[in-house]
Amino acid sequence: MTMPTTRTLGRNAGFLANVRAVAIRALRSLPRDVEGTIPALVIPVFFFIVNVGALQDFAQNIPGLDYKAFQLPVAIVFAVTGVSRAITLVTDIQTGYFDRLSLTPVNRLALLLGLMVADFAMVVVLTIPVLILGFAVGVRFEAGVAGVLVFILTAGIWGLVYTGFPYAIALKTGSPAAVNSSFLLFFPFTFLTTLFLPKEALTGWLSTVASFNPVTYLLEGLRSLVSIGWDGAALAKCYAAIAAVGVPSIGLALWALRGRVTRA
């Protein structure tokens, strides 16, 4: 007599286990993508050295302004913005790996959040060499050691919420060229803010635009930890600005993820 066969179905290990597995895979791929992480350090270091070297003498005309401390948050923001595993996601889409994962019991949201966890770890690590450069040239934090930790955490949160844009583009288009151009969304905003001078020194239309630019308040919050100490108002505006960018960014990424897994 033939015994009835029993089919064993895959079982979901759980949401957190799924997120952890995706994050670990993304982190393990970093050594194979050195060319994608080196520019994230070279560009901010370049801007920091050039801006300080070119404008520090001019900035001495502004009372109470330590230009090295003023420019350090700019370098950090350049280091952490747009850094993501979106290219890895595009590769997975093009090879069909993402579609195969979508057919397994793995939680669909974990496919995105796992990559974002890896991104957060990566951007936090990227802040450290830039901070070391700042300390080497004499920058000191008025908020102390705790302020340094909050500075790193805030920069990491900003880097994390911004990754929604490249992930949305990756999930929607599956195009590496489109993902690589996502940084261009941020670049103009940087120059329409307090990149080179304090807000009080800006005039005309640039002053008006900077007042509505969330990057202005991100920089002011980070700068307050360096030059002022614990400024609750500046930090509150900083986190509000991060949320203002994060809501549409993460929202677009989740919308694109839903569309991608539906097609799969």
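The values are calculated or read from the model by the stated rules, or taken from the named source; none is laboratory data. Quick caveat: nothing in here was measured; it's all calculated off a predicted structure. A quick note on method: Cβ atoms are made from the backbone with ideal geometry, for glycine too, and the neighbour counts reach across all protein chains shown.
Looking at this structure, is Gly251 exposed (fewer than 13 other Cβ atoms within 10 Å of the Cβ) and in contact (Cβ under 8 Å) with a residue 60 or more places away in the chain? When the stated conditions are applied, Gly251 passes them. Scoring Gly204 on the criteria (1) under 17 Å from Leu257 (Cα atoms); (2) without any contact (Cβ under 8 Å) to a residue 40 or more places away in the chain; (3) not polar (S, T, N, Q) leaves a single failure, condition (1). The set of residues in the stretch 50-78 that are surrounded by fewer than 16 Cβ atoms within 10 Å (Cβ to Cβ) and in a helix (DSSP H, G or I) comprises Val50, Gly53, Ala54, Leu55, Gln56, Asp57, Phe58. Filtered by the rule that a residue be farther than 26 Å from Pro188 by Cβ and either of a type outside the set (A, V, I, L, M) or in contact with a Lys or Arg (Cβ under 9 Å, 6 or more places away or on another chain) (or both), the stretch 228-243 gives Gly229, Trp230, Asp231, Gly232. Where helices (runs of 4 or more DSSP H) fall entirely within the stretch 113-184, those with at least 3 residues that are more than 18 Å from Gly246 (Cβ to Cβ), in contact with a helix residue (DSSP H, G or I) (Cβ under 8 Å, 6 or more places away or on another chain) and at pLDDT below 90 are at 176-180.
If you check Ala244 against the conditions, is it of a type in the set (Gly, Ala, Ser), more than 26 Å from Val139 (Cβ to Cβ) and either surrounded by fewer than 17 Cβ atoms within 10 Å (Cβ to Cβ) or more than 20 Å from the chain's Cα centre (by Cα) (or both)? For Ala244, the condition - of a type in the set (Gly, Ala, Ser), more than 26 Å from Val139 (Cβ to Cβ) and either surrounded by fewer than 17 Cβ atoms within 10 Å (Cβ to Cβ) or more than 20 Å from the chain's Cα centre (by Cα) (or both) - is met.
Give the stretch 79-88 a look and list any residue that's assigned to a helix (DSSP H, G or I) and either modelled with pLDDT of 90 or more or surrounded by 24 or more Cβ atoms within 10 Å (Cβ to Cβ) (or both), or say none.
Those that are assigned to a helix (DSSP H, G or I) and either modelled with pLDDT of 90 or more or surrounded by 24 or more Cβ atoms within 10 Å (Cβ to Cβ) (or both): Ala79, Val80, Ala86.
The single condition from (1) surrounded by fewer than 18 Cβ atoms within 10 Å (Cβ to Cβ); (2) touching a helix residue (DSSP H, G or I) at 6+ places or on another chain (Cβ under 8 Å); (3) modelled with pLDDT under 90 that Leu202 fails is (1).
Matching residues to (1) in contact with a strand residue (DSSP E or B) (Cβ under 9 Å, 6 or more places away or on another chain); (2) modelled with pLDDT of 95 or more; (3) of a type in the set (Gly, Ala, Ser):
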site	(1), (2), (3)
Asp231	no, no, no
Ala236	no, yes, yes
Gly246	no, no, yes
Gly251	no, no, yes
Val261	no, no, no
